[in-house]
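The values are calculated or read from the model by the stated rules, or taken from the named source; none is laboratory data. Because the structure is a prediction, the values reported are computed rather than measured. With ideal geometry, Cβ positions are generated from the backbone for all residues, glycine too; neighbour counts draw on all protein chains shown.
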Amino acid sequence: MARLENKVAIITGAASGMGLAAVKLFAKEGAKVVATDIAVEQLKEVTAFIEGEVICAELDVTSEEHWEQVIVKAKEAFGKVDVLVNNAGVSFHKTLLEETLNGWNRTINLNLTSVFLGMQKVIPYMQENGSGSIINCVSLAAIIGSADNGAAAYAAAKGGVRALSKHAAINFAKDNIRVNSIYPGAILTGAAERHGVTSREVLGKAFEGTIPLPPFAGEALDIANGYLYLASDESKFVTGEELIIDGGWSSK
Ligand SMILES: NC(=O)c1ccc[n+]([C@@H]2O[C@H](COP(=O)([O-])OP(=O)(O)OC[C@H]3O[C@@H](n4cnc5c(N)ncnc54)[C@H](O)[C@@H]3O)[C@@H](O)[C@H]2O)c1
């Protein structure tokens, strides 16, 4: 049996990187997937040839209205929501002294308020359904100062997601809703590709000496595999957990 048979999953930030890798993997493992992104045209293009049950929906994760619409769409299409992957997130490299109030608010909205909204909107449906798995994408930046040390608001937002994930895990365990988080290290995704970095080896050059495991950078599928484990019933007794996927960076 496929690992996500009969599961309905909403994935945010699915037009690129880890989100897109998760859509492909989840569909292959039998899930019915609601792939969402703010860049909905790009999303439709990149998911067009994925085999399996995948529908696309526009979701700006900072919009309460979009969240409500997407969850209704998922219910209409597939009858329920079992899994939410809060994957979308963006880092802007501004140190504490460089950051503006507008920039701070934008980053907190995009990386933290978004996760609050997604969980608040989806949990009542999961309660109705009798179970659920929520996976929040955090970052090593929430744990160690050397990760993304140029991004003050991002580190603070991801630290907030870390705490909010624990809060939700404890409060909704009684409803059989699990909440876990994933901590990527340096991973080759759209973020690096937009800066002309197209291979793990090239990205890894910047992390040699920092990340112990060659080629010193991961790929989107490494994270999608973590999402898969936490979405599946294989992790049915796991909640409030922090899964670090970083090639050993944080252990140094
Ligand atoms: N790549 C890394 O090394 C790394 C490290 C630590 C954490 N992360 C986290 O991993 C997650 C996925 O990032 P990625 O590296 O795959 O990035 P990516 O740039 O490849 O993909 C991010 C996606 O999010 C979408 N997006 C941007 N703003 C949005 C919004 N307001 N609403 C909905 N979607 C929006 C983009 O259109 C894009 O498709 C993020 O939460 C990021 O913070 C990445």
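With over 26 Å from S232 (Cβ atoms), touching a residue at least 60 places away in the same chain (Cβ under 8 Å), surrounded by 15 or more Cβ atoms within 10 Å (Cβ to Cβ) and near the ligand (Cβ under 8 Å from one of its atoms) as the only criterion, which of A147, A141 stands out?
After ruling out the rest, the residue left standing is A147.
Just checking, how many residues over the range 80-98 are surrounded by fewer than 20 Cβ atoms within 10 Å (Cβ to Cβ) and either within 21 Å of G159 (Cα to Cα) or acidic (D, E) (or both)?
The qualifying residues number 9.
So is G118 crowded, with 20+ Cβ neighbours inside 10 Å, part of a loop (DSSP other than H, G, I, E, B) and under 15 Å from the mean Cα position of the chain (by Cα) or not?
In short, no.
Select from the range 42-65 the residues that are more than 25 Å from L112 (Cα to Cα) and of a type in the set (D, E, K, R) and write down the one among them that is modelled with the lowest pLDDT.
If we take residues in the range 42-65 being more than 25 Å from L112 (Cα to Cα) and of a type in the set (D, E, K, R), then E51 is modelled with the lowest pLDDT.
From the list V161, V197, which one is part of a loop (DSSP other than H, G, I, E, B) and β-branched (V, I, T)?
V197
State yes or no: is A77 crowded, with 20+ Cβ neighbours inside 10 Å and either touching a residue at least 12 places away in the same chain (Cβ under 8 Å) or within 11 Å of I10 (Cα to Cα) (or both)?
It is false that A77 is crowded, with 20+ Cβ neighbours inside 10 Å and either touching a residue at least 12 places away in the same chain (Cβ under 8 Å) or within 11 Å of I10 (Cα to Cα) (or both).
Go through the range 72-103 and count every residue that is among the aliphatic types (A, V, I, L, M) and within 15 Å of the ligand (Cβ to nearest atom).
Of the residues in that region, 4 qualify.
With respect to the numbered conditions (1) within 15 Å of the chain's Cα centre (by Cα); (2) farther than 21 Å from M18 by Cα; (3) among the acidic types (D, E), which one is the sole condition not fulfilled by E99?
Among (1) within 15 Å of the chain's Cα centre (by Cα); (2) farther than 21 Å from M18 by Cα; (3) among the acidic types (D, E), the lone unmet condition for E99 is (1).
Has the range 76-86 got at least one residue that is closer than 25 Å to N111 by Cβ and not in a strand (DSSP E or B)?
Yes, the range 76-86 contains at least one residue that is closer than 25 Å to N111 by Cβ and not in a strand (DSSP E or B).
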